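Structure first, then comments.
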2 protein chains.
Amino acid sequence: MIEILPLQGIGEIAPGDDLGAILAAALPPARDGDVLVVTQKIVSKAEGRFVTLSDVVPGAEALRLAAITRKDPQLVELVLAEATDVLRAVPNVLITRHRLGLVMANSGIDRSNIGPGGSDRALLLPLDPDASAARISEAVGRPVVISDSFGRPWRYGVVNVAIGASGLPSLIDRRGDLDRDGRRLEVTQIALGDMIATAAGLAAGEGAEGIPAVLVRGCPLDGEASPASVLVRDLAEDLFQ
Amino acid sequence: MIEILPLQGIGEIAPGDDLGAILAAALPPARDGDVLVVTQKIVSKAEGRFVTLSDVVPGAEALRLAAITRKDPQLVELVLAEATDVLRAVPNVLITRHRLGLVMANSGIDRSNIGPGGSDRALLLPLDPDASAARISEAVGRPVVISDSFGRPWRYGVVNVAIGASGLPSLIDRRGDLDRDGRRLEVTQIALGDMIATAAGLAAGEGAEGIPAVLVRGCPLDGEASPASVLVRDLAEDLFQ
């Protein structure tokens, strides 16, 4: 059986807070199969990834895309600074490839629930989410996933996926395995890190705006640990296999 | 707390089996927040969606795409018969839009773990997975999701999503809701049906080849029920918002 337990009493996180210690204090003793799932938002807050929008000077490309997307030019400038590519810019939609390789709306920049001064502040992704996960994992004595909500091509609605991970196999490779009838398996790689992030999202309140950390117990974690960066598909492959 | 319980003792499913009755017998009494997640494979088996590959006569387009993808021409003919569009055809990869609107490898046609005669048999998706879910839901007295594993653009590895659903809000619309600071929420639609399917996949064994039915307890199911078809994005929208 797998259990998904929202952690209570985390409170508002501010820059410089020792997030690992705060989470460790809220957790029950570790068990095999535990994965702590933490939202990107509180990791970014603890790491002080706030930007004051009125300090940002939009360049020509940001002004052009802001007009197309009807978004704040300062926000668009930040989105471009975090991105390596713009995949789509239409009214109300700006999809980019973040420098971490993640394809997401607005380079993952967040303006909801970021606390006082929210209307002039934006929150960037952690600089290195796998490294953030490793630091938190060390503090809480169990594997950690950092999650964020992603839209998807061809399907409505967001789900949470893993943007950082430490201590678990983020991607399980079964290439070469056989099925019960001795046939080569057609499905060969399993996105375990994403599955755990999504499962945790069920307990985090719809949209993950409520509970910022969730303990998933009883996860199947056999295999060599790999960071969430292994889930990012190579740029050269433009559709899934 | 959410609990994810793999159902034991389902056994091999054959065409004509009363899947609803079999699942009902394996389930504990229903509770609020229960969702039964059933893999596409056993639904298709019960509905007799097998095709004998040697009976299939590949047409010119199937022969052309089989040469490109290095796949069996009979299988490719079936894939095309189930599809409305071909999105990608390269060696070992054939991505189509299924007539249900689902973008997936090989139109969702399955050749793993389909039992005796597997090398000459293929298994199609259910004709109408939302209707299948409604029939099973009636039999088991609780909401039902039918899941299948999907590859994703830009990310490695498959996850399970909902291709059929009954009795739960597959998509939650929060457009117009405000965050704790009074700002309009940026994330506005939550793919609850997909989240539940993915969470169940954690307990189904990696790749969902093992356990064909999983009970997810404690799901947040507030809101009007909607079928999984509402998760399929309109053809006119080519990237997510």
*Quick check: is even one residue across segment A:141-153 more than 30 Å from A:Gly11 (Cβ to Cβ), at pLDDT below 95 and hydroxyl-bearing (Ser, Thr, Tyr)?*
no
*Pick out the one residue from B:Ala105, B:Ala81 that is at negative phi and at pLDDT 95 or above.*
B:Ala81
_segment B:199-220, residues that are modelled with pLDDT of 95 or more and outside any helix (DSSP H, G or I)_ = B:Ala213, B:Val214, B:Leu215, B:Val216, B:Arg217, B:Gly218, B:Cys219
*Have a look at B:Pro28, B:Pro15, B:Pro58 and point out the one that is in contact (Cβ under 8 Å) with a residue 12 or more places away in the chain, assigned to a loop (DSSP other than H, G, I, E, B) and not assigned by TED's automatic domain parsing to the domain that holds B:Pro212.*
B:Pro58
*asked:* Filter segment A:54-72 down to the residues that are of a type in the set (Lys, Arg) and within 25 Å of the chain's Cα centre (by Cα) and list them by number.
replied: A:Lys71
*Tell me which of these A:Ser132 doesn't satisfy, since it passes every other one: (1) farther than 30 Å from B:Ile95 by Cα; (2) without any contact (Cβ under 8 Å) to a residue 60 or more places away in the chain; (3) in the same structural domain as A:Pro15 (by TED's automatic domain parsing).*
(2)
*A:Val93: in contact with a Ser or Thr (Cβ under 7 Å, 6 or more places away or on another chain), touching a residue at least 12 places away in the same chain (Cβ under 8 Å) and within 14 Å of chain B (Cβ to nearest Cβ), yes or no?*
yes
*asked:* Being within 26 Å of B:Asp85 (Cβ to Cβ) and either outside the structural domain of A:Ile4 (by TED's automatic domain parsing) or at pLDDT below 95 (or both) is the filter here; which residues of segment A:160-198 pass it?
replied: A:Glu186, A:Val187, A:Thr188, A:Gln189
*Looking at (1) hydrophobic (A, V, I, L, M, F, W, C); (2) over 16 Å from B:Lys45 (Cβ atoms); (3) not in a strand (DSSP E or B), can you tell me which one B:Val159 breaks?*
(3)
*asked:* For the list (1) surrounded by 14 or more Cβ atoms within 10 Å (Cβ to Cβ); (2) assigned to a loop (DSSP other than H, G, I, E, B), I need the number of the one condition that B:Leu36 fails.
replied: (2)
*Filter result (farther than 21 Å from B:Gly201 by Cα and either within 14 Å of chain A (Cβ to nearest Cβ) or of a type in the set (D, E, K, R) (or both)) within segment B:118-154*: B:Gly118, B:Ser119, B:Asp120, B:Arg121, B:Ala122, B:Asp128, B:Arg135, B:Glu138
*Does B:Arg99 count as over 24 Å from B:Ala14 (Cα atoms) and modelled with pLDDT of 95 or more?*
yes
*Criterion violated by A:Gly117 - all others in (1) on the phi > 0 side of the Ramachandran plot; (2) at pLDDT 95 or above satisfied*: (2)
*Taking B:Ile42 as the residue in question, decide whether it is buried (at least 19 other Cβ atoms within 10 Å of the Cβ), within 14 Å of another protein chain (Cβ to nearest Cβ) and either without any contact (Cβ under 8 Å) to a residue 60 or more places away in the chain or part of a helix (DSSP H, G or I) (or both).*
yes
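The values are calculated or read from the model by the stated rules, or taken from the named source; none is laboratory data. Just so it is clear, the structure is predicted and the values come from calculations on it, not from any experiment. When we count neighbours, we look across all protein chains shown, and the Cβ atoms used for this are built from the backbone with ideal geometry, even at glycine.
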